[in-house]
1. Work out from phi, with θ = phi - 60° and the Karplus expression 6.51 cos²θ - 1.76 cosθ + 1.60, the ³J(HN,Hα) of each residue of the stretch 49-64, listed in order in whole Hz, and give x for Gly and Pro.
2. Once you place label points 7 Å from the Cα toward the Cβ at N4 and Q59, how far apart are they in nm?
3. From zero outward in steps of 5 Å, how is the percent of C-alpha pairs of the stretch 1-87 spread across the bins?
4. Provide the per-residue ³J(HN,Hα) series for the stretch 20-25, in order, calculated from phi with Karplus coefficients 6.51, -1.76, 1.60 and θ = phi - 60°, each as a whole number of Hz, with x at glycine and proline positions.
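Just so you know, all these numbers are worked out from the coordinates, no wet-lab data involved. All values reported here derive from a predicted model rather than from experimental measurement. Here Cβ is always computed from backbone atoms with ideal geometry, including for glycine, and neighbour counts include all displayed protein chains.
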Amino acid sequence: MPMNYHHQLQLLIDILKNQDNEHYGSRDEYAQIERLAKSLLKNKEIQEEIRDLLMNIEQYSSRHQTTGQLEALNSEEIQQWIQGIETSEHSFLYPDRLM
């Protein structure tokens with residue numbers, strides 16, 4: 001079964017949570033985050049509020065890969081992205097339920 005964009009968003013959230021918990025991200029994780037963000041940004045089904053978050057996430061991963069800042073994570077920023085994606089996804093998938 002191919003990954004749809006909901007699966008891609010969940011994978012992105014999982015990687016970001018892992019980086020936040022460990023206060024560290026590997027080059028491979030940043031590369032995967034960047035690939036996921038770019039792929040999701042090409043998807044026309046993605047809600048606009050998630051697009052803004054994805055652009056920030058893509059810049060974050062690209063910046064960490066090019067500068068080598070593998071340990072300088074902003075936990076508050078990562079948590080805001082995670083919460084924003086989860087809230088938006090919940091509202092999209094379950095429009096009649098409060099989160």
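1. These are the phi-based 3J(HN,Hα) values: 5, 6, 4, 4, 5, 5, 5, 5, 5, 4, 5, 4, 5, 5, 4, 5 Hz.
2. The answer from the label model is 3.1 nm.
3. All Cα pairs considered, the percentages come to 3, 15, 29, 28, 16, 7, 2, 0.
4. Taking θ as phi minus 60°, the curve returns 5, 5, 8, 6, 7, x Hz for the stretch 20-25.
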